[in-house]
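The values are calculated or read from the model by the stated rules, or taken from the named source; none is laboratory data. Source: prediction; values computed, not measured. Please note: Cβ atoms are built from the backbone with ideal geometry, for glycine as well, and neighbour counts cover all protein chains shown.
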Number of protein chains: 2
Amino acid sequence: MLRKNFIMAPGPTPVPPEVLLAGAKETIHHRTPQFLKIIEQTLEEAKYLFQTSNRVYVFVSSGTGAMEAAVTNLVNPGEKAIVVVSGKFGERWKEICQAYGINVVEIALEWGEAVTPEQIEKALKEHPDAKVIFTTHSETSTGTVIDLEAIAKLTKDTDKILVTDAVSSLVAEPLKMDEWGVDVVVSGSQKGVMMPPGLAFIVLNKKAWEVVLKNKCPKYYFDLRYYDENYPDNPWTPAVNMIYMLNQSIKMIKEEGIENIWNRHRILGEATRSAVKALGLELFSKRPGNVVTAVTAPQGIDPKKVTKIMRDKYGVTIAGGQEHLANKIFRIAHLGYVSIFDTITAISALEFTLHELGYPVTFGKGVAAAMEVFNREGVAG
Amino acid sequence: MLRKNFIMAPGPTPVPPEVLLAGAKETIHHRTPQFLKIIEQTLEEAKYLFQTSNRVYVFVSSGTGAMEAAVTNLVNPGEKAIVVVSGKFGERWKEICQAYGINVVEIALEWGEAVTPEQIEKALKEHPDAKVIFTTHSETSTGTVIDLEAIAKLTKDTDKILVTDAVSSLVAEPLKMDEWGVDVVVSGSQKGVMMPPGLAFIVLNKKAWEVVLKNKCPKYYFDLRYYDENYPDNPWTPAVNMIYMLNQSIKMIKEEGIENIWNRHRILGEATRSAVKALGLELFSKRPGNVVTAVTAPQGIDPKKVTKIMRDKYGVTIAGGQEHLANKIFRIAHLGYVSIFDTITAISALEFTLHELGYPVTFGKGVAAAMEVFNREGVAG
């Protein structure tokens with residue numbers, strides 16, 4: 001049978017045709033008034049994504065590059081930093097810190113748990129010499145979102161720097177950097193921003209910049225002082241065509257409205273969770289977000305086979321589990337350029353797949369549960 | 001909510017990204033060895049679509065242009081022609097014939113009926129002076145497909161010329177021009193050939209060509225003698241970029257295999273019919289084909305509202321009824337570049353729409369019926 005492709009993974013996510021077309025435009029030289037005008041307007045508009053009035057710096061890198069920038073611009077080797085670890089991307093904060101000789105104070109949680117403001121508060125009290133706290137807004141590996149707004153209240157009027165990895169949450173989950181008082185936010189292009197992978201972002205407030213200016217950690221490519229001196233231009237060669245794409249995707253995000261997009265993700269998340277439960281499956285996360293739904297594979301069903309069949313037979317790319325969860329979960333995203341019919345497609349493909357693997361399925365039961373949510377939310381029917 | 005677009009109309013149909021990209025290639029001059037090589041290869045490969053060894057002539061026109069070419073190259077003003085009319089496209093044969101002063105012997109049927117071989121046989125006996133019979137393989141206006149193979153048996157070894165409008169059936173419904181002995185087939189690009197509108201095709205066998213060479217009907221743009229003299233080049237300026245697209249679409253059709261594509265359409269048609277019946281709706285056609293499913297709107301439901309809501313609210317473009325059926329039916333296609341998930345999307349959107357219009361719907365019931373067909377046919381689950 002003819003197979004069309006659907007990316008229902010938590011990055012890369014579907015790219016709108018308008019964004020792909022923008023990327024296909026003529027490459028112009030980056031040291032020209034023409035390009036400067038484009039990148040200036042684009043980065044100005046990008047503030048909307050973060051709900052900030054601070055400058056948005058763009059890296060030619062993956063999201064991990066922006067994470068490294070946050071670490072090496074804010075903490076010196078030998079200094080203490082609090083790191084929340086409850087999944088693969090919390091682990092990554094820890095690994096980057098350790099690579100630079102930073103003294104990691106780890107808040108170690110079970111994967112799938114969400115750190116509480118109380119746990120952060122306790123760590124801050126126990127380690128008054130730790131200046132920076134690294135958190136993961138949406139832990140993509142487990143489908144968990146933390147209460148970032150509540151956590152920011154603890155650090156807002158202190159000299160502590162709250163850093164969050166919003167790689168998978170930006171534009172998808174509510175995040176109001178300035179209003180909430182989050183000091184540093186990092187993100188990437190291939191998630192809620194609806195672009196291919198290739199760009200990463202970092203935004204810092206004034207309090208964080210003061211720390212950056214005194215920092216002595218070794219760094220070069222990700223040294224934020226170069227980016228600020230050259231802003232809005234890039235200190236190194238920018239990815240010209242990806243800036244075109246970013247310009248177009250921000251335009252589309254503004255047209256839809258970020259509150260509407262947050263709400264769309266909430267509805268898609270609820271529909272997916274409802275469908276999964278209707279099929280008798282369990283959610284893995286203790287505090288599921290609306291970026292990706294991690295599902296515990298039922299007894300006797302290999303989640304690797306689920307992802308393989310969905311991709312190879314139905315063209316629906318979902319994600320498997322990472323690290324020790326590889327044999328335990330699969331993850332269905334509802335992130336970025338995703339409509340109600342993408343979710344219906346993913347759920348029907350999941351039903352076919354589970355049936356093929358011998359799990360008892362009444363065809364249409366998960367789809368019906370998702371449809372009921374869409375109807376109840378007033379977006380369909 | 002974010003809306004993506006799905007064309008589930010019986011033309012234009014979805015265009016694969018590979019075909020769109022082929023159309024975006026550099027336009028070269030059409031009177032060059034470079035272009036001649038492309039059009040030569042393309043038209044040679046196009047024979048596969050018709051299952052013929054005869055030349056395929058391509059017009060820059062809509063399908064109606066190819067219909068006109070069939071009339072004006074085969075019948076002289078004042079001569080008799082048998083025309084089967086059981087829908088809008090049968091009417092079109094009649095209108096073209098009448099515009100050229102041809103004496104139309106009409107086999108007039110109710111819209112939604114399929115002409116039988118017996119009815120054709122009777123007309124042929126009653127009008128021995130009628131040399132040409134114009135039929136509609138797939139009557140798009142009613143979702144009806146005729147038994148063309150059986151009808152061709154009546155004319156194959158006679159001097160009668162059997163012409164069929166395969167605009168919406170080509171590649172979608174089995175059609176073996178040479179084996180069945182169909183004398184003339186006309187078609188267009190925006191249906192089973194998976195292209196945008198803009199090209200039309202005509203293929204004639206030797207018996208038909210003998211008639212063409214003696215024809216005196218006034219014509220110029222569609223005069224087939226010019227096309228044959230210049231073959232594979234076009235006598236007028238060909239649509240260069242559409243030839244690139246045709247080249248790519250034929251490549252994809254060959255890769256999937258035409259028998260597999262016929263079978264895919266059969267399964268999509270069965271799933272759609274099963275879903276529609278599960279929702280308590282009635283099929284309009286007396287002999288439904290696998291190109292488009294015409295559905296009789298239930299009592300109190302305005303089919304124009306069904307198509308409007310599906311398009312404007314859900315991005316799913318289906319077709320309404322034409323002429324006197326405008327207030328009676330709507331039509332869901334499963335034609336061309338369509339996968340099982342497109343059909344599931346169309347059915348779920350139909351469920352939402354009918355529910356909104358006050359028709360009792362159990363969400364997921366139609367989708368489940370379609371899924372059952374896909375599973376029973378062994379293509380999913």
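Identify the single condition in (1) touching a Ser or Thr at 6+ places or on another chain (Cβ under 7 Å); (2) under 30 Å from residue A:28 (Cβ atoms) that residue A:234 does not satisfy, given that it satisfies every other one.
Every listed condition holds for residue A:234 apart from (1).
Spot the failing condition for residue A:370; the list is (1) touching a Lys or Arg at 6+ places or on another chain (Cβ under 9 Å); (2) crowded, with 24+ Cβ neighbours inside 10 Å; (3) assigned to a helix (DSSP H, G or I), and only one is missed.
All conditions are met except number (1).
Among the residues of the range A:210-235 satisfying the criterion of being outside any loop (DSSP other than H, G, I, E, B) and touching a residue at least 12 places away in the same chain (Cβ under 8 Å), which is surrounded by the fewest Cβ atoms within 10 Å (Cβ to Cβ)?
A:213
Does residue A:182 satisfy the condition of being in contact with a helix residue (DSSP H, G or I) (Cβ under 6 Å, 6 or more places away or on another chain) and in contact (Cβ under 8 Å) with a residue 24 or more places away in the chain?
Numbers: in contact with a helix residue (DSSP H, G or I) (Cβ under 6 Å, 6 or more places away or on another chain): yes; in contact (Cβ under 8 Å) with a residue 24 or more places away in the chain: yes.
It is true that residue A:182 is in contact with a helix residue (DSSP H, G or I) (Cβ under 6 Å, 6 or more places away or on another chain) and in contact (Cβ under 8 Å) with a residue 24 or more places away in the chain.
Filter the range A:246-257 for residues that are among the aliphatic types (A, V, I, L, M), touching a Leu at 6+ places or on another chain (Cβ under 8 Å) and within 13 Å of chain B (Cβ to nearest Cβ) and give the result.
Pass one, the range A:246-257, residues among the aliphatic types (A, V, I, L, M): A:246, A:250, A:252-253.
Next cut, touching a Leu at 6+ places or on another chain (Cβ under 8 Å) only: A:246, A:250, A:253.
A:253, the sole residue that qualifies.
Say we look at the range B:352-364 and pick out the residues that are at the interface with chain A (Cβ under 7 Å from one of its Cβ atoms) and in a helix (DSSP H, G or I); which of these is nearest to residue A:348 (Cα to Cα)? Lay out the reasoning, then the answer.
From the range B:352-364, those at the interface with chain A (Cβ under 7 Å from one of its Cβ atoms) are B:352, B:355-356, B:363-364; that's our starting set.
Right, trim to in a helix (DSSP H, G or I) and you get B:352, B:355-356.
Values: B:352: 17, B:355: 21, B:356: 23 Å.
Restricting to residues being at the interface with chain A (Cβ under 7 Å from one of its Cβ atoms) and in a helix (DSSP H, G or I), the top hit is B:352.
Could you go through the range B:303-316 and let me know if any residue there is under 30 Å from residue B:259 (Cα atoms) and within 11 Å of chain A (Cβ to nearest Cβ).
Pass one, the range B:303-316, residues under 30 Å from residue B:259 (Cα atoms): B:316.
Checking which are within 11 Å of chain A (Cβ to nearest Cβ) leaves us with B:316.
There is at least one residue in the range B:303-316 that is under 30 Å from residue B:259 (Cα atoms) and within 11 Å of chain A (Cβ to nearest Cβ).
With the structure loaded, tell me whether residue B:86 is of a type in the set (Ser, Thr, Tyr) and surrounded by 21 or more Cβ atoms within 10 Å (Cβ to Cβ) or whether it fails that test. Show your work before the answer.
Numbers: of a type in the set (Ser, Thr, Tyr): yes; surrounded by 21 or more Cβ atoms within 10 Å (Cβ to Cβ): yes.
Yes; evaluated as a whole, the condition is true for this residue.
List the pairs whose first member sits in the range A:338-349 and is facing chain B (nearest Cβ under 7 Å) and within 14 Å of residue B:346 (Cβ to Cβ), whose second member is part of a helix (DSSP H, G or I) and not aliphatic (A, V, I, L, M), and whose Cβ atoms are under 6 Å apart, counting only residues at least 6 apart or on separate chains?
If the second residue must be part of a helix (DSSP H, G or I) and not aliphatic (A, V, I, L, M), the pairs left are A:340/A:374; A:341/B:345; A:344/B:348; A:345/B:341.
Among (1) under 26 Å from residue A:226 (Cα atoms); (2) surrounded by 24 or more Cβ atoms within 10 Å (Cβ to Cβ); (3) of a type in the set (Gly, Ala, Ser); (4) in contact with a Leu (Cβ under 8 Å, 6 or more places away or on another chain), there is one condition residue A:200 misses while meeting the rest; what is its number?
(4)
Out of the residues in the range A:234-245 that are within 15 Å of residue A:46 (Cα to Cα) and of a type in the set (A, V, I, L, M), state the one that is farthest from the other protein chains (Cβ to nearest Cβ).
The residue in question is A:243.
For every residue, the table says whether it meets (1) hydroxyl-bearing (Ser, Thr, Tyr); (2) more than 15 Å from residue B:65 (Cα to Cα); (3) modelled with pLDDT of 95 or more.
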{"residue": "B:224", "(1), (2), (3)": "no, no, yes"}
{"residue": "B:228", "(1), (2), (3)": "no, yes, yes"}
{"residue": "B:237", "(1), (2), (3)": "yes, yes, no"}
{"residue": "B:245", "(1), (2), (3)": "no, yes, yes"}
{"residue": "B:250", "(1), (2), (3)": "no, yes, yes"}
{"residue": "B:257", "(1), (2), (3)": "no, yes, yes"}
{"residue": "B:261", "(1), (2), (3)": "no, yes, yes"}
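Please work out if residue A:276 is in a helix (DSSP H, G or I) and either among the hydrophobic types (A, V, I, L, M, F, W, C) or touching a Pro at 6+ places or on another chain (Cβ under 8 Å) (or both). Please lay out each step first, then the result.
On the way: in a helix (DSSP H, G or I): yes; either among the hydrophobic types (A, V, I, L, M, F, W, C) or touching a Pro at 6+ places or on another chain (Cβ under 8 Å) (or both): yes.
Yes: the conditions hold for residue A:276.
What residue, of B:311, B:331, is outside any loop (DSSP other than H, G, I, E, B), in contact with a helix residue (DSSP H, G or I) (Cβ under 9 Å, 6 or more places away or on another chain) and of a type in the set (Lys, Arg)?
Numbers: B:311 fails: in contact with a helix residue (DSSP H, G or I) (Cβ under 9 Å, 6 or more places away or on another chain).
Unique residue meeting the criteria: B:331.
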